[in-house]
Amino acid sequence: MKRPRITSVETKWMQERQSAMEALRDMDRRGFLKVSATAAAAAMAYGLAPHSFQPVRVTHAAEPAGFRFAYISDSHLYERKLNERFVRQLMRAVDDVNALDPQPDFVLYGGDLAQLGQPAELELGAAILKEIKAPVRMMVGEHDWFLDLGVMWRSLFGEPTYSFDHKGVHFVVLNSILEEDFWTERKLTPMERMKTVAGLDNNAQRPFMVGQDQRDWLQKDLAKIPKSTPLVVFSHSPLYKLYKFWNFWTDDAEQVQAILKRFAHVTVLHGHTHQLLTNRIGNIHFHGMLSTAWPWPYAPEGLPEYTVQMSRPDPFNHADGCGSGEMIVHPDGVADKIYALWNRNPITVTASSLKAPGKKGRPAPPNRPAY
Ligand SMILES: [Fe+2]
Ligand SMILES: [Fe+2]
């Protein structure tokens, strides 16, 4: 007797997702949303959540008194006819976040949605992010900005600098990737300017900065906030100086830090570095979050001493070292962060390891020397 061919539910789910991807290739936005919804419905029908594919389930710490939000960043989308892999990887992160239980209060998108600032890249990203069930807050990255200096990004997502309050915490979103004009004198076209900034080590560009206007805005925004209020700041680049040649750097970081100094606890979350990264300078905790596109290597000058070092990604698995993240914000505003790595066990870096350095909950030291 011929044995029936058995297809596992995971394989069936992957096949459904694959057909959604194929249909996505030549589709307008309305059609894309329809296909994506079909794939999501298929996953539900199989009783599958994307997290169930992870070798180890995400285990959360006991539910704290605070709240939780999720973080997706650095998708670097090309137009889908050029590169479908990064589209697929962003969709994977969206599925992961939609499968979280409980759902996050909101999702912060950390910048570099597009690769070369093209309208079609940004529109594709906006369409995919619309699939997220929780409210989405947007931040801009240099790859979104330097083709038209933010015209298209603004038309899709609004102003890149803003603040909001949530459950007793004051949140600030900054555009930290501004650069001094290096293009006018060189007579660069918009695309030449974009490609210059898109190169990791292209030293023709200038260092990132928040700039005087936004620092003035920040000063004003925070003037009405009591210093005991927990503060969470989102910036695309780290708001400190890590490695200038790759722009893992914000040139006016000290001036921004000085504005944040009077607050008891400040947490800064950034994208851009595409890797696990933790730092503390005085009252400010800094957290580098994962990319959905690819991981960058660590900067050659070493790591801040609080960093839990990420092992080198597997070069034969392009999704290794990628993923999304979650923050559990405690009532004092200090946060535990969970790195939801796709092909590795999740890693949690607790607030206590930063609050009481060397005393409790300190993560294992990195292998690289601290600078
Ligand atoms: Fe990036
Ligand atoms: Fe970036």
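Here are a few things to note about the model shown:
- Cβ-Cβ contacts under 7 Å between residues 6 or more apart (or on different chains), taken from a first residue in the stretch 227-248 that is more than 18 Å from GLN214 (Cα to Cα) to a second residue that is among the charged types (D, E, K, R) and at pLDDT below 95, are listed as PRO230/ASP332; TYR243/GLU301; PHE245/ASP201; TRP246/ASP201.
- Contact map, the stretch 136-147: first residue within 15 Å of ligand 1 (Cβ to nearest atom), second residue among the small types (Gly, Ala, Ser) and part of a helix (DSSP H, G or I), Cβ cut-off under 6 Å, separation 6 or more or different chains; pairs are HIS143/ALA198.
- Selection within the stretch 288-325: residues that are modelled with pLDDT of 95 or more and assigned to a strand (DSSP E or B). The member of this set that is nearest to VAL173 (Cα to Cα) is GLY288.
- Evaluated against (1) surrounded by 18 or more Cβ atoms within 10 Å (Cβ to Cβ); (2) in a loop (DSSP other than H, G, I, E, B); (3) not aromatic (Phe, Trp, Tyr), LEU124 falls short on exactly one condition, (2).
- Test: PHE245 is aromatic (Phe, Trp, Tyr) and surrounded by 24 or more Cβ atoms within 10 Å (Cβ to Cβ): no
- When the test is whether a residue is more than 15 Å from ligand 1 (Cβ to nearest atom), modelled with pLDDT under 95 and assigned to a loop (DSSP other than H, G, I, E, B), ASN203 passes it.
- Total residues in the stretch 123-173, condition in contact with a His (Cβ under 8 Å, 6 or more places away or on another chain) and within 16 Å of ligand 2 (Cβ to nearest atom): 5
- The stretch 276-286 - residue that is of a type outside the set (Val, Ile, Thr) and either at pLDDT 95 or above or within 14 Å of GLU305 (Cβ to Cβ) (or both) and, of those, farthest from ligand 1 (Cβ to nearest atom): ARG280
- From LEU90, LEU82, LEU108, LEU48, residue being within 18 Å of MET139 (Cα to Cα) and either in contact with a helix residue (DSSP H, G or I) (Cβ under 6 Å, 6 or more places away or on another chain) or at pLDDT below 95 (or both): LEU90
- Any hit, the stretch 205-221, residues being within 24 Å of PRO304 (Cα to Cα) and without any contact (Cβ under 8 Å) to a residue 24 or more places away in the chain: no
- Where ARG215 falls short, out of the listed (1) among the basic types (Lys, Arg); (2) in a loop (DSSP other than H, G, I, E, B); (3) touching a helix residue (DSSP H, G or I) at 6+ places or on another chain (Cβ under 8 Å): (2)
The values are calculated or read from the model by the stated rules, or taken from the named source; none is laboratory data. None of these values were measured; they are calculated from a predicted model. For neighbour counting, all protein chains shown are included, and Cβ atoms are generated from backbone atoms with ideal geometry for every residue, glycine included.
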